[in-house]
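K.L.:
Here's a structure for you.
Just so it is clear, none of the values below were taken in a lab; they were calculated from the coordinates. Just so you know, these numbers come straight off a predicted model, no measurement behind them. So basically every Cβ, Gly included, is an ideal-geometry build from the backbone, and we count neighbours across all protein chains shown.
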């Protein structure tokens with residue numbers, strides 16, 4: 001059975017792509033598993049530099065665009081007939097990330113300590129509440145054009161650092177991106193611990209409330 005992966009951050013374009021994929025599969029009458037992938041580490045590891053992305057049987061075939069139903073049907077037809085999926089030309093946007101937003105993007109440091117994990121958990125809750133979109137700090141650090149372009153187009157950039165080292169802030173500043181709001185968890189009275197990584201719920205909620213303002 002064919003596996004089709006839709007890579008994205010939960011934005012409207014990602015949902016449109018998933019919908020187009022399912023429609024194309026239905027119209028072709030093929031058997032395929034459509035999988036939504038929203039894990040940032042997976043996106044980076046798979047080489048998805050711009051979202052939404054699309055892969056057929058593990059092969060990335062589009063990034064940063066929303067192919068039409070007919071385009072997807074052509075891709076699927078090529079992948080299932082005589083032409084190997086690995087021979088399909090990758091479609092990509094010259095303008096970078098198709099998930100680019102003019103709203104709020106949240107960058108937690110997600111560091112190797114309790115306060116780093118507090119930043120990550122707080123960002124996840126904020127996204128679930130609709131306060132912004134979660135994006136990948138590693139993508140900025142790797143100089144990914146799509147990630148940087150998205151950050152520069154955002155109306156508001158929120159940075160949540162775990163401690164005074166301010167790795168997240170410095171990573172963004174290195175890409176010439178200044179945050180609209182910068183929160184440091186240790187400045188809120190939370191002691192940094194590199195052994196016990198599990199964040200306390202009350203500390204996470206305090207960060208969420210501070211960002212929500």
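K.L.:
Please compute the length gained on full extension between residue 194 and residue 143, using 0.36 nm multiplied by the number of residues separating them and subtracting their Cα-Cα distance.
P.N.:
Details: separation 51, 0.36 × 51 = 18.36 nm, distance 2.78 nm.
That pair, residue 194 and residue 143, stretches by 15.6 nm at full extension.
K.L.:
Pick the calculated Rg/Rh (Cα atoms, Kirkwood Rh) for this structure from (i) 0.94; (ii) 1.05; (iii) 1.00?
P.N.:
Derived directly from the coordinates: (ii).
K.L.:
Relative to the longest principal axis of the C-alpha atoms of the chain, give the angle of the C-alpha long axis of helix 69-80, reported between 0 and 90° and rounded to the nearest 10°.
P.N.:
Result, in degrees: 70.
K.L.:
Would you compute, from DSSP H runs of 4+ residues alone, the mean residue ellipticity of the chain at 222 nm, taking -39500 (n - 2.57) per run and dividing by the full residue count, rounded to the nearest 500?
P.N.:
Computed ellipticity for the chain at 222 nm equals -12000 deg cm²/dmol.
K.L.:
Treating the angle as unsigned and between 0 and 90°, give the value, to the nearest 10°, between the Cα long axis of helix 12-28 and the longest Cα principal axis of the chain.
P.N.:
Around 20 degrees separate the two axes.
K.L.:
Once you place label points 7 Å from the Cα toward the Cβ at residue 125 and residue 165, how far apart are they in nm?
P.N.:
2.4 nm
K.L.:
Something else now. If I model a spin label as a point 7 Å beyond the Cα along the Cα-Cβ vector, how far apart are those points for residue 39 and residue 68 in nm?
P.N.:
The answer from the label model is 3.5 nm.
K.L.:
Between residue 27 and residue 175, what is the FRET efficiency for a Förster distance of 45 Å, r being their Cβ-Cβ separation, to the nearest 0.05?
P.N.:
Working: r = 42 Å, r/R0 = 0.93.
Plugging the Cβ-Cβ distance into 1/(1 + (r/R0)^6) gives 0.60.
K.L.:
Write down the percent of antiparallel bridges among all DSSP beta bridges whose residues are both part of the chain, to the nearest 5. Write out the running numbers ahead of the final one.
P.N.:
On the way: 8 of 27 bridges.
Taking every DSSP beta bridge within the chain, about 30 percent pair in antiparallel fashion.
K.L.:
How far is helix 201-212 tilted off the main Cα axis of the chain, in degrees rounded to 10, range 0 to 90?
P.N.:
Taking the Cα atoms of the chain, the angle to 201-212 is about 80 degrees.
K.L.:
If you don't mind, another one. Please report the spacing between the Cα centers of segment 116-137 and segment 146-213 in Å, no decimals.
P.N.:
Their Cα centres are 9 Å away from one another.
K.L.:
Restricting to Cα atoms and excluding each atom paired with itself, what does the Kirkwood estimate give for segment 93-213 in Å? Write down the numbers at each step before the final one.
P.N.:
Values: mean 1/r = 0.0704 Å⁻¹.
Over segment 93-213, the inverse of the mean reciprocal pair distance is 14.2 Å.
K.L.:
Okay, moving on. For 57, 187, what ranking results if the residue with the fewest other Cβ atoms within 10 Å of its Cβ goes first?
P.N.:
Working: 57 16, 187 12.
Least crowded to most crowded, the residues run 187, 57.
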